[in-house]
Amino acid sequence: MTEKVFNVLFLCTGNSARSIMAEAIMNSLGKGKFRAYSAGSHPSGRVHPLALDTLRIAGLPTGGARSKAWDEFAEPGAPVMDFVFTVCDNAAGEVCPVWPGQPMTAHWGVEDPATFEGTDAERRAFFLKVFRMLQNRIAVFASLPVASLDRQSLHSRVKDIGRMGDEAASAADPA
(Lines give C-alpha, C1' and ligand atoms only; values in the text may rest on other atoms or scores of the structure.)
Protein backbone atom coordinates (compact mmCIF):
# COMPACT_ATOMS: atom_id res chain seq x y z
CA MET A 1 0.00 0.00 0.00
CA THR A 2 1.33 3.40 -0.99
CA GLU A 3 1.35 6.15 1.64
CA LYS A 4 -0.68 9.27 0.88
CA VAL A 5 1.27 12.29 -0.33
CA PHE A 6 -0.11 15.43 1.31
CA ASN A 7 -0.42 18.56 -0.86
CA VAL A 8 0.60 21.84 0.78
CA LEU A 9 0.01 25.32 -0.63
CA PHE A 10 1.99 28.30 0.69
CA LEU A 11 0.37 31.69 0.07
CA CYS A 12 1.53 35.27 0.20
CA THR A 13 0.55 38.38 -1.68
CA GLY A 14 3.24 38.63 -4.37
CA ASN A 15 4.45 35.01 -4.54
CA SER A 16 7.96 36.30 -5.13
CA ALA A 17 9.95 35.34 -2.00
CA ARG A 18 8.48 33.77 1.17
CA SER A 19 6.01 31.38 -0.42
CA ILE A 20 8.52 30.46 -3.14
CA MET A 21 11.16 29.61 -0.51
CA ALA A 22 8.60 27.68 1.57
CA GLU A 23 7.59 25.61 -1.48
CA ALA A 24 11.21 24.64 -2.19
CA ILE A 25 11.94 23.88 1.47
CA MET A 26 8.86 21.67 1.85
CA ASN A 27 9.59 19.78 -1.34
CA SER A 28 13.07 19.08 0.03
CA LEU A 29 12.20 18.29 3.65
CA GLY A 30 8.93 16.55 2.80
CA LYS A 31 10.85 13.63 1.31
CA GLY A 32 7.92 12.37 -0.75
CA LYS A 33 5.45 12.64 2.15
CA PHE A 34 4.49 16.18 1.08
CA ARG A 35 4.19 17.94 -2.29
CA ALA A 36 4.38 21.71 -2.00
CA TYR A 37 3.09 24.53 -4.16
CA SER A 38 3.05 28.30 -3.80
CA ALA A 39 0.90 31.14 -5.06
CA GLY A 40 -0.08 34.74 -4.43
CA SER A 41 -3.24 36.77 -4.20
CA HIS A 42 -1.65 39.43 -6.43
CA PRO A 43 1.42 37.73 -7.89
CA SER A 44 4.30 39.98 -8.87
CA GLY A 45 4.96 37.91 -11.98
CA ARG A 46 8.59 37.32 -11.04
CA VAL A 47 10.54 35.51 -8.38
CA HIS A 48 12.80 37.79 -6.36
CA PRO A 49 16.46 37.21 -7.34
CA LEU A 50 17.57 37.07 -3.68
CA ALA A 51 14.99 34.35 -2.98
CA LEU A 52 16.54 32.32 -5.79
CA ASP A 53 20.07 33.05 -4.51
CA THR A 54 19.08 31.98 -0.99
CA LEU A 55 17.64 28.71 -2.28
CA ARG A 56 20.76 28.03 -4.37
CA ILE A 57 23.04 28.68 -1.36
CA ALA A 58 20.94 26.18 0.61
CA GLY A 59 21.35 23.64 -2.20
CA LEU A 60 17.68 23.61 -3.16
CA PRO A 61 16.47 23.50 -6.77
CA THR A 62 15.01 26.66 -8.30
CA GLY A 63 14.16 25.45 -11.80
CA GLY A 64 10.38 25.35 -11.44
CA ALA A 65 10.02 28.50 -9.35
CA ARG A 66 7.49 30.94 -10.79
CA SER A 67 5.17 33.62 -9.46
CA LYS A 68 1.54 32.61 -9.97
CA ALA A 69 -1.99 33.45 -8.84
CA TRP A 70 -3.71 31.39 -6.18
CA ASP A 71 -6.70 31.03 -8.51
CA GLU A 72 -4.74 28.30 -10.32
CA PHE A 73 -5.27 26.06 -7.31
CA ALA A 74 -9.02 26.64 -7.02
CA GLU A 75 -9.73 25.65 -10.63
CA PRO A 76 -11.12 22.27 -11.69
CA GLY A 77 -8.30 19.80 -12.25
CA ALA A 78 -5.91 21.53 -9.86
CA PRO A 79 -4.24 19.41 -7.19
CA VAL A 80 -6.47 19.10 -4.13
CA MET A 81 -4.75 20.67 -1.14
CA ASP A 82 -4.55 19.06 2.26
CA PHE A 83 -2.96 22.13 3.89
CA VAL A 84 -2.93 25.83 3.02
CA PHE A 85 -0.55 28.10 4.93
CA THR A 86 -0.37 31.88 4.59
CA VAL A 87 3.15 33.19 5.16
CA CYS A 88 2.36 36.89 5.04
CA ASP A 89 -0.04 39.00 7.05
CA ASN A 90 -1.64 40.59 3.97
CA ALA A 91 -2.65 37.25 2.43
CA ALA A 92 -3.94 36.05 5.81
CA GLY A 93 -6.41 38.92 5.88
CA GLU A 94 -7.66 38.52 2.33
CA VAL A 95 -10.65 36.51 1.21
CA CYS A 96 -9.22 33.32 -0.24
CA PRO A 97 -10.78 31.22 -2.95
CA VAL A 98 -12.81 28.22 -1.88
CA TRP A 99 -10.31 25.38 -1.88
CA PRO A 100 -11.56 22.00 -3.10
CA GLY A 101 -11.34 19.31 -0.43
CA GLN A 102 -11.55 21.66 2.59
CA PRO A 103 -7.84 21.78 3.43
CA MET A 104 -6.56 22.58 6.89
CA THR A 105 -5.42 26.20 7.06
CA ALA A 106 -3.09 28.15 9.32
CA HIS A 107 -1.18 31.41 9.34
CA TRP A 108 2.62 31.17 9.50
CA GLY A 109 3.44 34.85 8.94
CA VAL A 110 7.02 36.01 8.54
CA GLU A 111 8.39 39.40 7.56
CA ASP A 112 8.70 40.16 3.86
CA PRO A 113 12.35 40.06 2.80
CA ALA A 114 11.45 41.55 -0.59
CA THR A 115 10.58 44.87 1.06
CA PHE A 116 13.55 44.94 3.44
CA GLU A 117 15.80 47.93 2.83
CA GLY A 118 19.52 47.97 3.53
CA THR A 119 22.87 47.21 1.99
CA ASP A 120 23.22 44.22 -0.28
CA ALA A 121 24.80 42.25 2.58
CA GLU A 122 21.99 43.23 4.98
CA ARG A 123 19.33 42.26 2.45
CA ARG A 124 20.98 38.89 1.84
CA ALA A 125 21.21 38.31 5.59
CA PHE A 126 17.53 39.15 5.99
CA PHE A 127 16.53 36.72 3.23
CA LEU A 128 18.57 34.05 5.02
CA LYS A 129 16.85 34.86 8.34
CA VAL A 130 13.41 34.46 6.75
CA PHE A 131 14.56 31.26 5.01
CA ARG A 132 15.68 29.84 8.37
CA MET A 133 12.37 30.70 10.03
CA LEU A 134 10.45 28.97 7.26
CA GLN A 135 12.85 26.03 7.24
CA ASN A 136 12.45 25.51 10.98
CA ARG A 137 8.65 25.67 10.86
CA ILE A 138 8.49 23.35 7.88
CA ALA A 139 10.89 20.87 9.53
CA VAL A 140 8.65 20.72 12.60
CA PHE A 141 5.56 20.28 10.43
CA ALA A 142 7.18 17.61 8.24
CA SER A 143 8.07 15.61 11.36
CA LEU A 144 4.46 15.46 12.60
CA PRO A 145 2.69 12.09 12.35
CA VAL A 146 0.07 13.72 10.11
CA ALA A 147 -1.72 10.52 9.13
CA SER A 148 -2.14 9.33 12.71
CA LEU A 149 -3.30 12.55 14.41
CA ASP A 150 -6.98 13.40 14.70
CA ARG A 151 -7.97 16.55 12.82
CA GLN A 152 -8.37 18.73 15.92
CA SER A 153 -4.97 17.77 17.37
CA LEU A 154 -3.29 18.24 14.01
CA HIS A 155 -4.89 21.66 13.52
CA SER A 156 -3.76 22.75 16.98
CA ARG A 157 -0.18 21.72 16.23
CA VAL A 158 -0.20 23.36 12.80
CA LYS A 159 -1.41 26.65 14.33
CA ASP A 160 1.25 26.42 17.07
CA ILE A 161 3.95 26.10 14.42
CA GLY A 162 2.87 29.47 13.05
CA ARG A 163 3.57 31.04 16.42
CA MET A 164 7.19 29.89 16.51
CA GLY A 165 9.42 32.95 16.88
CA ASP A 166 12.74 34.22 15.66
CA GLU A 167 14.67 32.40 18.39
CA ALA A 168 13.72 29.04 16.85
CA ALA A 169 14.73 30.22 13.39
CA SER A 170 18.17 31.34 14.47
CA ALA A 171 18.86 27.80 15.70
CA ALA A 172 18.03 26.25 12.31
CA ASP A 173 20.78 25.50 9.82
CA PRO A 174 20.21 26.95 6.31
CA ALA A 175 21.42 23.89 4.43
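The values are calculated or read from the model by the stated rules, or taken from the named source; none is laboratory data. Fair warning: this is a prediction, and the values are worked out from it, not measured in the lab. Cβ placement follows ideal geometry from the backbone for every residue including glycine, while neighbour counts extend to all protein chains displayed. Ligands, DNA and RNA are excluded from the accessible area calculation, which covers all protein heavy atoms including side chains. Shrake-Rupley method; radii C 1.70, N 1.55, O 1.52, S 1.80 Å.
In this structure, does SER143 turn out to be polar (S, T, N, Q), over 27 Å from ARG56 (Cα atoms), at pLDDT 85 or above and surrounded by fewer than 16 Cβ atoms within 10 Å (Cβ to Cβ)? Here the answer is no, as SER143 does not meet what is asked.
Please find, within region 47-64, the residue that is most open to solvent (accessible area, probe 1.4 Å) out of those that are in a loop (DSSP other than H, G, I, E, B) and touching a residue at least 24 places away in the same chain (Cβ under 8 Å). Only one residue tops the list, namely PRO61.
When you look at GLU72, is it of a type in the set (Asp, Glu), open to solvent by 60 Å² or more (accessible area, probe 1.4 Å) and part of a helix (DSSP H, G or I), yes or no? When the stated conditions are applied, GLU72 passes them. For ALA24, the criteria (1) under 12 Å from the mean Cα position of the chain (by Cα); (2) among the small types (Gly, Ala, Ser); (3) at pLDDT below 95 hold in every case but one, which is (3). Selection of region 19-46 for residues being closer than 15 Å to THR115 by Cα and open to solvent by 20 Å² or more (accessible area, probe 1.4 Å) yields PRO43, SER44, ARG46.
All of SER67, SER44, SER16 fail the test of being in a loop (DSSP other than H, G, I, E, B) and within 20 Å of ALA125 (Cβ to Cβ), apart from SER16. Selection of first residues in region 101-114 that are assigned to a strand (DSSP E or B) and of second residues that are hydrophobic (A, V, I, L, M, F, W, C), restricted to Cβ pairs under 7 Å at least 6 apart or on distinct chains, gives the following pairs, ordered by first then second residue: MET104/PHE83; MET104/LEU154; MET104/VAL158; THR105/VAL84; ALA106/PHE85; ALA106/VAL158; HIS107/ALA92.
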